[in-house]
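These notes concern the structure reproduced below.
The values are calculated or read from the model by the stated rules, or taken from the named source; none is laboratory data. None of these values were measured; they are calculated from a predicted model. Cβ placement follows ideal geometry from the backbone for every residue including glycine, while neighbour counts extend to all protein chains displayed. Protein only, heavy atoms only, side chains kept; ligands, DNA and RNA dropped before computing areas. Shrake-Rupley method; radii C 1.70, N 1.55, O 1.52, S 1.80 Å.
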Amino acid sequence: TRNDIRKIVDFETVPADSFAEKSWFSVFSELIKARLTFLVLLTTLVGLYLGMRGPMNWWLMLHTLLGTALLASRASALNQLLEREHDARMRRTEDRPLPSGRLQPHVVLIFGTVCSVIGLIYLAFAVNLTTSFLGALTLGSYVFVYTPLKRVTSLNTAVGAVPGALPPLMGWVAARGDISAEGWTLFAILFFWQLPHFLAIAWIYREEYAKAGFVMLPVVDPEGLRTSRQAVSHTLGLLPVSLCPFLFGLVGPVYFVGATLLGLAFLVFAIRFSQSLNVARARHLFYASIIYLPILLGLMVFDKIRT
(Lines give C-alpha, C1' and ligand atoms only; values in the text may rest on other atoms or scores of the structure.)
Protein backbone atom coordinates (compact mmCIF):
# COMPACT_ATOMS: atom_id res chain seq x y z
CA THR A 1 0.00 0.00 0.00
CA ARG A 2 0.98 3.63 -0.31
CA ASN A 3 1.32 3.98 3.46
CA ASP A 4 3.64 0.98 3.62
CA ILE A 5 5.78 2.43 0.87
CA ARG A 6 6.01 5.77 2.70
CA LYS A 7 7.42 4.00 5.74
CA ILE A 8 10.33 2.71 3.72
CA VAL A 9 11.08 5.36 1.11
CA ASP A 10 11.20 9.11 1.22
CA PHE A 11 9.07 10.19 -1.75
CA GLU A 12 10.77 13.58 -1.94
CA THR A 13 13.92 11.85 -3.18
CA VAL A 14 12.33 9.22 -5.41
CA PRO A 15 10.78 9.80 -8.84
CA ALA A 16 7.02 9.23 -8.79
CA ASP A 17 7.20 6.43 -11.33
CA SER A 18 10.07 4.54 -9.68
CA PHE A 19 7.84 1.85 -8.26
CA ALA A 20 5.86 1.55 -11.44
CA GLU A 21 9.06 0.85 -13.33
CA LYS A 22 10.24 -1.96 -11.03
CA SER A 23 8.45 -4.29 -8.68
CA TRP A 24 9.55 -4.73 -5.09
CA PHE A 25 10.70 -8.22 -6.01
CA SER A 26 12.97 -6.78 -8.69
CA VAL A 27 14.35 -4.12 -6.34
CA PHE A 28 15.02 -6.73 -3.64
CA SER A 29 16.70 -9.04 -6.17
CA GLU A 30 19.04 -6.22 -7.17
CA LEU A 31 19.79 -5.38 -3.55
CA ILE A 32 20.89 -8.92 -2.71
CA LYS A 33 22.51 -9.39 -6.14
CA ALA A 34 20.38 -12.45 -6.81
CA ARG A 35 22.64 -13.96 -9.47
CA LEU A 36 25.72 -13.61 -7.28
CA THR A 37 23.83 -15.04 -4.31
CA PHE A 38 22.74 -17.98 -6.46
CA LEU A 39 26.37 -18.64 -7.39
CA VAL A 40 27.35 -18.52 -3.71
CA LEU A 41 24.65 -21.04 -2.86
CA LEU A 42 25.59 -23.26 -5.79
CA THR A 43 29.26 -23.45 -4.78
CA THR A 44 28.28 -23.98 -1.14
CA LEU A 45 26.00 -26.84 -2.15
CA VAL A 46 28.71 -28.51 -4.23
CA GLY A 47 31.15 -28.26 -1.33
CA LEU A 48 28.59 -29.81 1.01
CA TYR A 49 27.73 -32.57 -1.44
CA LEU A 50 31.36 -33.52 -2.01
CA GLY A 51 32.03 -33.49 1.72
CA MET A 52 28.98 -35.55 2.62
CA ARG A 53 29.68 -39.15 3.62
CA GLY A 54 26.85 -41.51 2.78
CA PRO A 55 23.43 -40.27 1.65
CA MET A 56 22.63 -36.59 1.54
CA ASN A 57 21.45 -35.07 4.81
CA TRP A 58 18.64 -32.93 3.44
CA TRP A 59 18.02 -31.04 6.68
CA LEU A 60 21.69 -30.12 6.96
CA MET A 61 21.62 -28.97 3.36
CA LEU A 62 18.57 -26.79 4.02
CA HIS A 63 20.09 -25.23 7.15
CA THR A 64 23.41 -24.56 5.42
CA LEU A 65 21.87 -22.94 2.36
CA LEU A 66 19.44 -20.84 4.38
CA GLY A 67 22.15 -19.49 6.68
CA THR A 68 24.49 -18.87 3.75
CA ALA A 69 21.74 -17.10 1.80
CA LEU A 70 21.19 -14.70 4.71
CA LEU A 71 24.90 -13.90 4.90
CA ALA A 72 25.26 -13.47 1.13
CA SER A 73 22.24 -11.14 1.07
CA ARG A 74 23.72 -9.09 3.89
CA ALA A 75 27.11 -8.83 2.18
CA SER A 76 25.58 -7.61 -1.09
CA ALA A 77 23.33 -5.10 0.67
CA LEU A 78 26.08 -3.57 2.80
CA ASN A 79 28.47 -3.53 -0.15
CA GLN A 80 25.96 -1.46 -2.10
CA LEU A 81 25.39 0.75 0.93
CA LEU A 82 29.09 1.61 1.16
CA GLU A 83 29.44 2.11 -2.60
CA ARG A 84 26.18 3.92 -3.34
CA GLU A 85 27.84 7.22 -4.28
CA HIS A 86 30.32 5.47 -6.56
CA ASP A 87 27.65 3.25 -8.12
CA ALA A 88 25.75 6.41 -9.07
CA ARG A 89 28.65 7.41 -11.34
CA MET A 90 28.59 4.19 -13.37
CA ARG A 91 26.04 3.48 -16.06
CA ARG A 92 25.99 -0.26 -15.24
CA THR A 93 25.18 0.38 -11.56
CA GLU A 94 23.38 3.73 -11.47
CA ASP A 95 19.97 2.03 -11.48
CA ARG A 96 20.64 -0.06 -8.36
CA PRO A 97 18.18 0.44 -5.47
CA LEU A 98 20.28 2.98 -3.55
CA PRO A 99 21.63 5.22 -6.35
CA SER A 100 18.20 5.25 -8.00
CA GLY A 101 16.54 6.22 -4.71
CA ARG A 102 14.22 3.23 -4.59
CA LEU A 103 15.60 2.34 -1.16
CA GLN A 104 17.04 4.55 1.55
CA PRO A 105 20.39 3.87 3.29
CA HIS A 106 18.91 3.29 6.75
CA VAL A 107 16.58 0.60 5.37
CA VAL A 108 19.48 -1.23 3.73
CA LEU A 109 21.58 -0.91 6.88
CA ILE A 110 18.84 -2.45 9.03
CA PHE A 111 18.22 -5.21 6.50
CA GLY A 112 21.91 -6.07 6.22
CA THR A 113 22.47 -6.03 9.97
CA VAL A 114 19.46 -8.24 10.70
CA CYS A 115 20.44 -10.74 7.99
CA SER A 116 24.02 -10.97 9.26
CA VAL A 117 23.07 -11.53 12.91
CA ILE A 118 20.40 -14.11 12.12
CA GLY A 119 22.59 -15.85 9.53
CA LEU A 120 25.61 -16.24 11.81
CA ILE A 121 23.55 -17.44 14.77
CA TYR A 122 21.58 -19.81 12.57
CA LEU A 123 24.72 -21.40 11.10
CA ALA A 124 26.29 -21.72 14.54
CA PHE A 125 23.32 -23.58 16.05
CA ALA A 126 21.84 -25.39 13.03
CA VAL A 127 25.11 -26.38 11.31
CA ASN A 128 28.33 -25.90 13.33
CA LEU A 129 30.53 -23.19 14.80
CA THR A 130 33.29 -23.56 12.20
CA THR A 131 30.90 -22.92 9.34
CA SER A 132 29.56 -19.87 11.17
CA PHE A 133 33.12 -18.63 11.73
CA LEU A 134 33.91 -19.00 8.02
CA GLY A 135 30.69 -17.11 7.25
CA ALA A 136 31.79 -14.29 9.54
CA LEU A 137 35.21 -14.25 7.87
CA THR A 138 33.56 -14.09 4.45
CA LEU A 139 31.35 -11.18 5.48
CA GLY A 140 34.07 -9.22 7.23
CA SER A 141 36.63 -9.57 4.45
CA TYR A 142 34.11 -8.75 1.71
CA VAL A 143 32.43 -5.74 3.31
CA PHE A 144 35.17 -4.22 5.45
CA VAL A 145 38.35 -5.16 3.55
CA TYR A 146 37.59 -5.75 -0.13
CA THR A 147 34.97 -3.01 -0.53
CA PRO A 148 37.12 -0.09 0.75
CA LEU A 149 40.23 -1.45 -1.00
CA LYS A 150 38.51 -1.00 -4.36
CA ARG A 151 39.16 2.72 -3.94
CA VAL A 152 42.74 2.31 -2.73
CA THR A 153 44.68 -0.38 -4.61
CA SER A 154 44.41 -2.60 -7.67
CA LEU A 155 45.17 -5.55 -5.39
CA ASN A 156 41.51 -5.41 -4.38
CA THR A 157 40.62 -8.09 -6.94
CA ALA A 158 42.97 -10.63 -5.38
CA VAL A 159 41.75 -9.70 -1.90
CA GLY A 160 38.13 -9.94 -3.00
CA ALA A 161 38.74 -13.40 -4.41
CA VAL A 162 39.22 -14.69 -0.85
CA PRO A 163 35.64 -14.16 0.41
CA GLY A 164 34.41 -15.22 -3.01
CA ALA A 165 36.19 -18.56 -2.65
CA LEU A 166 35.08 -19.35 0.92
CA PRO A 167 31.50 -20.60 0.23
CA PRO A 168 32.51 -24.06 -1.09
CA LEU A 169 34.79 -24.43 1.92
CA MET A 170 31.82 -23.53 4.11
CA GLY A 171 29.80 -26.26 2.45
CA TRP A 172 32.62 -28.77 2.97
CA VAL A 173 32.95 -27.85 6.65
CA ALA A 174 29.18 -28.07 7.10
CA ALA A 175 29.38 -31.70 5.94
CA ARG A 176 32.65 -32.75 7.59
CA GLY A 177 32.78 -30.51 10.65
CA ASP A 178 36.41 -29.47 10.13
CA ILE A 179 38.71 -27.80 7.61
CA SER A 180 40.83 -30.20 5.57
CA ALA A 181 43.04 -30.17 2.48
CA GLU A 182 40.15 -31.30 0.28
CA GLY A 183 38.11 -28.30 1.39
CA TRP A 184 41.00 -25.94 0.68
CA THR A 185 41.18 -27.42 -2.80
CA LEU A 186 37.62 -26.26 -3.48
CA PHE A 187 38.57 -22.85 -2.11
CA ALA A 188 41.60 -22.68 -4.44
CA ILE A 189 39.54 -23.53 -7.52
CA LEU A 190 37.14 -20.64 -6.86
CA PHE A 191 40.01 -18.31 -5.98
CA PHE A 192 41.91 -18.87 -9.23
CA TRP A 193 38.73 -18.81 -11.32
CA GLN A 194 37.70 -15.38 -10.05
CA LEU A 195 40.82 -13.53 -11.19
CA PRO A 196 40.42 -13.89 -14.99
CA HIS A 197 36.64 -13.59 -14.57
CA PHE A 198 36.82 -10.23 -12.81
CA LEU A 199 39.76 -8.93 -14.84
CA ALA A 200 37.67 -9.44 -17.97
CA ILE A 201 34.81 -7.45 -16.41
CA ALA A 202 37.18 -4.73 -15.23
CA TRP A 203 38.69 -4.40 -18.71
CA ILE A 204 35.26 -4.09 -20.35
CA TYR A 205 34.17 -1.38 -17.90
CA ARG A 206 37.55 0.19 -17.13
CA GLU A 207 36.45 3.69 -18.16
CA GLU A 208 33.38 3.51 -15.92
CA TYR A 209 35.45 2.18 -13.02
CA ALA A 210 37.88 5.06 -13.44
CA LYS A 211 35.04 7.57 -13.50
CA ALA A 212 33.58 6.07 -10.32
CA GLY A 213 36.92 6.18 -8.50
CA PHE A 214 37.57 2.42 -8.34
CA VAL A 215 41.26 1.50 -8.61
CA MET A 216 40.88 -1.65 -10.70
CA LEU A 217 43.96 -3.10 -12.39
CA PRO A 218 42.89 -2.15 -15.95
CA VAL A 219 42.42 1.45 -14.72
CA VAL A 220 46.04 1.78 -13.53
CA ASP A 221 47.34 -0.46 -16.32
CA PRO A 222 45.98 1.24 -19.47
CA GLU A 223 48.29 -0.71 -21.81
CA GLY A 224 47.08 -3.96 -20.30
CA LEU A 225 50.43 -5.66 -19.80
CA ARG A 226 49.86 -6.58 -16.15
CA THR A 227 46.19 -7.30 -16.77
CA SER A 228 46.92 -9.75 -19.56
CA ARG A 229 49.73 -11.47 -17.64
CA GLN A 230 47.55 -11.97 -14.60
CA ALA A 231 44.62 -13.22 -16.66
CA VAL A 232 46.83 -15.87 -18.26
CA SER A 233 48.81 -16.79 -15.13
CA HIS A 234 45.74 -17.34 -12.96
CA THR A 235 43.95 -19.30 -15.67
CA LEU A 236 47.08 -21.41 -16.05
CA GLY A 237 47.24 -21.87 -12.28
CA LEU A 238 43.61 -22.94 -12.25
CA LEU A 239 44.33 -25.92 -14.50
CA PRO A 240 46.42 -28.03 -12.06
CA VAL A 241 44.37 -26.83 -9.06
CA SER A 242 41.16 -28.01 -10.73
CA LEU A 243 42.62 -31.54 -10.96
CA CYS A 244 43.24 -31.79 -7.21
CA PRO A 245 39.77 -33.19 -6.40
CA PHE A 246 40.73 -36.20 -8.53
CA LEU A 247 44.11 -36.53 -6.81
CA PHE A 248 42.38 -36.47 -3.41
CA GLY A 249 40.01 -39.23 -4.49
CA LEU A 250 36.87 -37.09 -4.36
CA VAL A 251 35.96 -37.59 -8.02
CA GLY A 252 36.65 -40.08 -10.79
CA PRO A 253 38.30 -40.12 -14.24
CA VAL A 254 35.36 -38.50 -16.03
CA TYR A 255 35.93 -35.37 -13.98
CA PHE A 256 39.69 -35.52 -14.59
CA VAL A 257 39.27 -35.58 -18.38
CA GLY A 258 36.53 -32.96 -18.35
CA ALA A 259 38.43 -30.60 -16.04
CA THR A 260 41.54 -30.90 -18.19
CA LEU A 261 39.68 -30.06 -21.39
CA LEU A 262 37.78 -27.22 -19.75
CA GLY A 263 40.96 -25.79 -18.27
CA LEU A 264 42.77 -25.87 -21.61
CA ALA A 265 39.85 -24.20 -23.38
CA PHE A 266 39.65 -21.51 -20.69
CA LEU A 267 43.39 -20.94 -21.04
CA VAL A 268 43.04 -20.45 -24.80
CA PHE A 269 40.55 -17.63 -24.24
CA ALA A 270 42.87 -16.01 -21.70
CA ILE A 271 45.80 -16.18 -24.12
CA ARG A 272 43.70 -14.73 -26.93
CA PHE A 273 42.68 -11.88 -24.64
CA SER A 274 46.34 -11.21 -23.79
CA GLN A 275 47.27 -11.14 -27.48
CA SER A 276 44.55 -8.68 -28.43
CA LEU A 277 43.42 -6.46 -25.57
CA ASN A 278 40.02 -5.28 -26.69
CA VAL A 279 36.48 -5.38 -25.38
CA ALA A 280 35.44 -8.20 -27.71
CA ARG A 281 38.20 -10.53 -26.46
CA ALA A 282 37.46 -9.52 -22.87
CA ARG A 283 33.82 -10.47 -23.38
CA HIS A 284 34.87 -13.82 -24.82
CA LEU A 285 37.00 -14.47 -21.74
CA PHE A 286 34.11 -13.44 -19.49
CA TYR A 287 31.67 -15.76 -21.27
CA ALA A 288 34.22 -18.56 -21.14
CA SER A 289 34.50 -18.09 -17.38
CA ILE A 290 30.75 -18.27 -16.76
CA ILE A 291 30.50 -21.40 -18.91
CA TYR A 292 33.55 -23.03 -17.33
CA LEU A 293 32.50 -22.93 -13.68
CA PRO A 294 29.02 -24.51 -13.75
CA ILE A 295 30.25 -27.28 -16.05
CA LEU A 296 33.20 -27.98 -13.75
CA LEU A 297 30.94 -28.05 -10.70
CA GLY A 298 28.50 -30.29 -12.55
CA LEU A 299 31.30 -32.73 -13.33
CA MET A 300 32.23 -32.82 -9.63
CA VAL A 301 28.68 -33.73 -8.69
CA PHE A 302 28.28 -36.24 -11.52
CA ASP A 303 31.54 -38.08 -10.93
CA LYS A 304 31.75 -37.97 -7.14
CA ILE A 305 33.24 -41.11 -5.64
CA ARG A 306 30.75 -42.44 -3.10
CA THR A 307 32.10 -43.04 0.40
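Listing for the model above:
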read-out: Only one of GLY112, GLY101 that is crowded, with 22+ Cβ neighbours inside 10 Å, farther than 22 Å from LEU45 by Cα and at pLDDT below 95; value: GLY112
read-out: Where a residue in segment 58-83 is on the phi > 0 side of the Ramachandran plot and its partner, wherever it lies, is of a type in the set (Phe, Trp, Tyr) and open to solvent by 10 Å² or more (accessible area, probe 1.4 Å), with Cβ under 8 Å and at least six apart; value: none
read-out: From LEU238, LEU277, LEU264, residue being outside any helix (DSSP H, G or I), of a type in the set (A, V, I, L, M, F, W, C) and either at negative phi or modelled with pLDDT under 95 (or both); value: LEU277
read-out: Residue check, ALA77 crowded, with 22+ Cβ neighbours inside 10 Å, assigned to a helix (DSSP H, G or I) and out of contact with any His (no Cβ under 7 Å at 6 or more places or on another chain); value: yes
read-out: Residue match in segment 50-64 (condition: touching a Pro at 6+ places or on another chain (Cβ under 8 Å), assigned to a helix (DSSP H, G or I) and not polar (S, T, N, Q)); value: yes
read-out: Test: residue in segment 245-255 that is closer than 28 Å to THR93 by Cα, open to solvent by 50 Å² or more (accessible area, probe 1.4 Å) and assigned to a helix (DSSP H, G or I); value: no
read-out: In segment 190-225, the residues that are open to solvent by 60 Å² or more (accessible area, probe 1.4 Å) and either closer than 19 Å to SER289 by Cα or polar (S, T, N, Q) (or both); value: PHE198, TYR205, ARG206
read-out: First in segment 8-35 and under 17 Å from VAL108 (Cβ atoms) and part of a helix (DSSP H, G or I), second anywhere and among the aliphatic types (A, V, I, L, M) and at pLDDT 85 or above, Cβ under 6 Å, 6 or more apart; value: ILE8/VAL107; LEU31/ALA77
read-out: Segment 153-181, subset within 23 Å of LEU62 (Cβ to Cβ) and of a type in the set (A, V, I, L, M, F, W, C), residue surrounded by the most Cβ atoms within 10 Å (Cβ to Cβ); value: MET170
read-out: Residues (touching a residue at least 40 places away in the same chain (Cβ under 8 Å), over 25 Å from GLU208 (Cα atoms), assigned to a helix (DSSP H, G or I) and open to solvent by 50 Å² or more (accessible area, probe 1.4 Å)) located in segment 280-307; value: PRO294, VAL301, PHE302
read-out: Hits in segment 260-282 - residues which are polar (S, T, N, Q) and touching a Leu at 6+ places or on another chain (Cβ under 6 Å); value: none
read-out: Evaluation of MET56 against (1) open to solvent by 20 Å² or more (accessible area, probe 1.4 Å); (2) more than 30 Å from GLU208 (Cα to Cα); (3) at pLDDT 95 or above; (4) not polar (S, T, N, Q) (one fails), failing number; value: (3)
read-out: Tabulated pairs, segment 201-229, first under 16 Å from HIS284 (Cα atoms), second open to solvent by less than 30 Å² (accessible area, probe 1.4 Å) and of a type in the set (A, V, I, L, M, F, W, C), C-beta under 6 angstrom, 6+ apart or interchain; value: ALA202/MET216; TRP203/ALA282; ILE204/ALA282; THR227/LEU199; THR227/LEU217
read-out: Conditions (1) farther than 19 Å from LEU285 by Cα; (2) open to solvent by less than 30 Å² (accessible area, probe 1.4 Å); (3) free of Cβ contacts under 8 Å to residues at least 24 places away in the same chain: number failed by TRP184; value: (2)
